[in-house]
Amino acid sequence: MTDIVIHIGFSKTGTTTLQRAVFEKHSQIYYLGKIQKSEHDRQCVTADTFDFLTPLLWKTDQPVDLDAQREFFNKTLTPRAASASIILGSWEGLGQQDISAFRTSVNRLKAACGQCKVVMTLRNPITRLPSLYLQHLRGNQKQLAETYRTFDEWLESEETRLGSLNKVFEYREYVETAIDVLGADNVGVFLYEAFDTDPERYLQGVADFLGIDGKEVVDLADGERHHTRLFDSQVKQMETRNSTFIGRLLWRFSSVEKKKKAIGFADQDGVIQTTVATDKPASVDLDPGTIQRVSNAVSADNRWLADNLHLELAEYGYPL
């Protein structure tokens, strides 16, 4: 039986690059989605794939007919993937669902498909937090229509919405839940920092876990980093236009297209571009107090990951 793998795409961990450069194109992967420009819901490969996955991944609070899901997997999906080594799906939203919903998803997948695997990439919260904020500003071209928030305002709202700062980085619970349901050998955990510093080793590690040709993975990803963050000039334009009452009022009631034009925002298929020749990717400098608060929130979880999975967290400056 062909293995099924679910990639938990935590935001700002290189998910888009893996999806577009590797998963969608690798000869040994039957890719369920997220597929660029797919006409189907959740950017699935086919409409019936979406129907199959919906009660397993996205509507876990509703009943599921596991016999029907099992039949579709064995009699329809597996034959379609006959020439591939694995069936794989990757969605960012899977890394944002409630942990109880995630546990239900993994249990349902296992019941419907037999043994399955989960793969995920983690990132140091100290560097991930600014990227999450910049993603909020970018908002997949949708939050440009919302009221502008400074970094401090956004962080406070996230803490309020989720209940604590720790919940912003709830990766340990995903790892622990997946291991509990599937077993440690079926859970692959990788580090974004390794992707940055030694991409070939990172990609080969992912390939080895998936059981696919590593050279093809490395070749596909070569030079294909899909950056989705805003540029410095774009964020400065946002800040300037929201620094006065009139500016905020105009920003609030402008259309999304007018906002994009005003800040020099251009994107091609979700990859951010800039109209400024010497522009740099935007960044946010955390003050010492925020760094300490983040460290306090995540250090216990990081120590658990380092102790139990032997990840190189200390090498990459994760708070321990």
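The values are calculated or read from the model by the stated rules, or taken from the named source; none is laboratory data. Keep in mind that what you see is a predicted model, and the values were worked out from it rather than measured. We place every Cβ from the backbone using ideal geometry, glycine too, and count neighbours over all the protein chains shown.
Is it fair to say SER164 is over 21 Å from LYS110 (Cβ atoms) and assigned to a loop (DSSP other than H, G, I, E, B)?
yes
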> Within region 6-49, can you find the residues that are in contact (Cβ under 8 Å) with a residue 60 or more places away in the chain, of a type in the set (Val, Ile, Thr) and more than 18 Å from GLN97 (Cα to Cα)?
Replying inline: THR16, THR17, VAL22, ILE29
> Given the conditions (1) of a type in the set (Gly, Ala, Ser); (2) modelled with pLDDT of 95 or more; (3) more than 27 Å from GLU315 (Cα to Cα), and given that SER255 satisfies all but one, which numbered condition is not satisfied?
Replying inline: (2)
> Is it true that some residue in region 1-15 is part of a loop (DSSP other than H, G, I, E, B), surrounded by 14 or more Cβ atoms within 10 Å (Cβ to Cβ) and out of contact with any Phe, Trp or Tyr (no Cβ under 9 Å at 6 or more places or on another chain)?
Replying inline: yes
> Could you say which residue among GLU39, GLU71 is at negative phi and not in a loop (DSSP other than H, G, I, E, B)?
Replying inline: GLU71
> When region 3-56 is examined, which residues are found to be out of contact with any Asp or Glu (no Cβ under 7 Å at 6 or more places or on another chain), within 21 Å of VAL206 (Cβ to Cβ) and of a type in the set (A, V, I, L, M, F, W, C)?
Replying inline: ILE4, VAL5, ILE6, ILE8, PHE10, LEU18, VAL22, PHE23, ILE29, LEU32, VAL45
> Of all residues in region 92-107 being of a type outside the set (Val, Ile, Thr) and closer than 14 Å to GLU176 by Cβ, which is surrounded by the most Cβ atoms within 10 Å (Cβ to Cβ)?
Replying inline: PHE102
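Could you list, in sequence order, the residues of region 112-125 that are out of contact with any Asp or Glu (no Cβ under 8 Å at 6 or more places or on another chain) and either at pLDDT 95 or above or crowded, with 19+ Cβ neighbours inside 10 Å (or both)?
Once the filter is applied, which keeps residues that are out of contact with any Asp or Glu (no Cβ under 8 Å at 6 or more places or on another chain) and either at pLDDT 95 or above or crowded, with 19+ Cβ neighbours inside 10 Å (or both), region 112-125 yields ALA112, CYS113, VAL118, VAL119, MET120, THR121, LEU122, PRO125.
Give me a count of the residues in region 81-92 that are of a type outside the set (Val, Ile, Thr) and touching a Gly at 6+ places or on another chain (Cβ under 8 Å).
Total satisfying the criteria: 5.
Out of region 297-307, which residues are free of Cβ contacts under 8 Å to residues at least 12 places away in the same chain and either surrounded by 15 or more Cβ atoms within 10 Å (Cβ to Cβ) or of a type outside the set (Gly, Ala, Ser) (or both)?
Matches in region 297-307: ASP307 only.
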> Can you name the residue in region 75-88 that is part of a helix (DSSP H, G or I) and in contact (Cβ under 8 Å) with a residue 24 or more places away in the chain and is also farthest from TYR30 (Cα to Cα) among such residues?
Replying inline: THR76
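Let's see how each residue does on (1) more than 20 Å from GLU153 (Cβ to Cβ); (2) of a type outside the set (Lys, Arg); (3) without any contact (Cβ under 8 Å) to a residue 40 or more places away in the chain:
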residue: MET238; (1), (2), (3): no, yes, no
residue: ASN242; (1), (2), (3): no, yes, no
residue: GLY247; (1), (2), (3): no, yes, yes
residue: LEU250; (1), (2), (3): no, yes, yes
residue: THR274; (1), (2), (3): yes, yes, no
residue: PRO281; (1), (2), (3): yes, yes, no
residue: PRO288; (1), (2), (3): no, yes, yes
residue: LEU309; (1), (2), (3): yes, yes, no
residue: GLY317; (1), (2), (3): yes, yes, no
>> Is it the case, given these coordinates, that PRO130 is closer than 20 Å to GLY289 by Cβ and either assigned to a helix (DSSP H, G or I) or among the acidic types (Asp, Glu) (or both)?
In response: yes
